[in-house]
Amino acid sequence: MHVLVLGAGQLARMMSLAGAPLNLEISAFDVGSKNIVHPLTQAVIGHGLENAIEQADVITAEFEHIPHDVLDVCEKSGKFLPSTEAIKAGGDRRIEKALLDAAKVKNAKYAVINTREDFDKAIEYVGIPMVLKSALGGYDGKGQWRLKNANDADTIWAEMAECIAATETQAIVAEEFVPFNREVSLVGARGKDGDVVVYPLAENIHTNGVLSLSTAIDDAELQEQAKSMFTAVANSLDYVGVLALEFFDVDGQLLVNEIAPRVHNSGHWTQQGAETCQFENHLRAVCGLPLGSTKLIRATSMINILGEDSLPNEVLAMEGCHVHWYGKEKRAGRKMGHINVTADYSGELQRRLAKLATILDKDAYPALQELS
């Protein structure tokens with residue numbers, strides 16, 4: 001079976017690695033160059049989306065910000081999964097919020113801003129402090145503002161107005177500031193037959209808006225809450241594939257922060273920590289195969305490698321350390337790869353993370369320093 005992935009980044013790369021044992025052929029459509037490339041080598045193997053669609057049995061996506069004309073062509077083929085509706089929801093915070101409301105899933109109070117008048121009304125309705133996010137684009141902390149004081153409204157509005165004017169369809173979504181205890185996420189999969197499986201929750205630490213560290217956790221009460229919310233969203237979309245929900249944990253109650261209709265950074269730990277990794281389960285789902293077990297098989301954490309293209313040899317020498325490079329050119333802040341750290345039990349995992357903190361650069365891996 002041949003799977004065409006929209007997007008040619010690291011997630012397509014890891015899908016290709018997971019699909020090989022299942023005898024699945026994976027190619028990737030580079031949205032920027034319009035070339036069809038091999039997900040691992042990046043070698044050009046074809047040109048033109050229509051030709052690639054014709055050769056594919058299934059089409060899926062590795063990221064949300066895909067031009068709508070590309071999505072529409074894929075939708076017409078009848079081969080695209082999960083659905084263009086789901087991808088558009090992940091790429092537009094206005095659609096995402098409406099979807100969460102329709103699924104009756106708890107999320108932060110919000111308002112959509114197109115004009116200064118909307119901004120003033122949002123301040124009154126949502127309240128200060130508030131978080132402001134561009135509806136389109138914006139990720140890893142980009143396209144976001146925080147209004148902590150009404151005196152800063154004019155300054156922030158000037159920046160937001162410039163953002164809105166840059167694209168005809170752009171807007172800003174204002175959200176109430178949620179004083180949460182921690183951030184967690186749930187990655188799961190829904191098959192063509194409606195079967196739903198979820199992985200253990202991951203606790204996430206962000207640095208400057210970018211995910212730094214994810215650790216699989218065991219919290220039965222939160223897990224049940226998260227699964228119920230995941231199932232509601234997945235069923236409302238008639239979703240097929242892997243989906244991620246990011247949550248705020250507010251004193252044991254979960255609020256959905258964002259959804260990601262794809263394999264997700266906070267699920268990379270599943271490559272070493274789960275019976276079936278998220279990449280394999282996504283392929284299983286969209287190809288109509290039975291979903292694999294999401295059972296946790298060992299305590300695991302994932303550490304993002306940001307802006308670095310090398311690691312000390314001591315990392316590879318450490319027991320339980322697994323390095324995954326993405327084959328990218330070095331650039332400040334860029335996700336270059338990740339490290340999965342595993343252990344037989346939680347205490348041993350914490351000791352290994354503490355040891356890793358002494359080996360890696362303190363400025364490049366600040367989340368590890370918080371643990372040590």
Once fully extended, how much extra length lies between ASP218 and GLU275, figured as 0.36 nm per residue of separation less the alpha-carbon to alpha-carbon distance? 18.9 nm
Among TYR345, VAL184, GLN225, whose Cα lies farthest out toward the positive end of the dipole of the chain, if unit charges sit on the beta carbon of Lys, Arg (+1) and Asp, Glu (-1)? TYR345
Which FRET efficiency value, to the nearest 0.05, do you get for ALA364 and GLN144 by plugging their Cβ-Cβ distance into 1/(1 + (r/R0)^6) with R0 = 22 Å? 0.45
How large, in Å, is region 230-372 by the Kirkwood hydrodynamic radius built from its alpha-carbon pairs? 16.9 Å
Once the Cα gyration tensor of region 62-181 is diagonalised, semi-axes √(5λ) in Å: 29, 17, 11
Given that compact globular proteins tend to follow 2.2 N^0.38 Å, what is the ratio of the alpha-carbon Rg of region 2-80 to that value? 0.97
For LYS109, counting only lysines whose alpha-carbon sits under 25 Å away and dropping same-chain residues fewer than eight positions off, the answer is LYS88, LYS97, LYS121, LYS133, LYS142, LYS148, LYS227
Considering the options ASN257, VAL323, LEU6, tell which one lies farthest towards the positive end of the dipole of the chain, charges being +1 on Lys and Arg and -1 on Asp and Glu at the Cβ, about the Cα centre. VAL323
Between ASN235 and SER310, what length comes free when the chain is fully extended (0.36 nm per residue of separation minus the Cα-Cα distance, one decimal in nm)? 22.8 nm
For the pair GLU25/HIS2, report the inter-label distance in nm, with labels modelled 7 Å from Cα in the Cβ direction. 0.5 nm
Would you mind checking the radius of gyration and Dmax of the chain based on alpha-carbon positions, in Å? 20.5, 60
For LYS355, give me every one of the lysines with a C-alpha distance below 25 angstrom, ignoring sequence neighbours fewer than eight places off in its own chain. LYS335
Gain on full stretching of the segment that runs from SER77 to TYR125 - 0.36 nm per residue minus C-alpha separation: 13.0 nm
Within region 297-372, report the GluC sites (Glu not before Pro) that DSSP leaves as loop and that have at most 12 other Cβ atoms within 10 Å. GLU319, GLU329
Can you pull out the trypsin sites (Lys or Arg not before Pro) in region 277-314 whose DSSP state is coil and whose Cβ has at most 14 other Cβ atoms within 10 Å? LYS295
Dipole magnitude of the chain about its Cα centre (Cβ charges: Lys, Arg +1; Asp, Glu -1), debye to nearest 20: 420 debye
Hand me the chymotrypsin sites (Phe, Trp or Tyr not before Pro) from region 305-364 located in a DSSP loop with no more than 10 other Cβ atoms within 10 Å, in residue order please. TYR345
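Bear in mind these aren't lab numbers, they're just calculated from the coordinates by the rules spelled out. Computed from a predicted model, the values in this text were never measured in an experiment. Here Cβ is always computed from backbone atoms with ideal geometry, including for glycine, and neighbour counts include all displayed protein chains.
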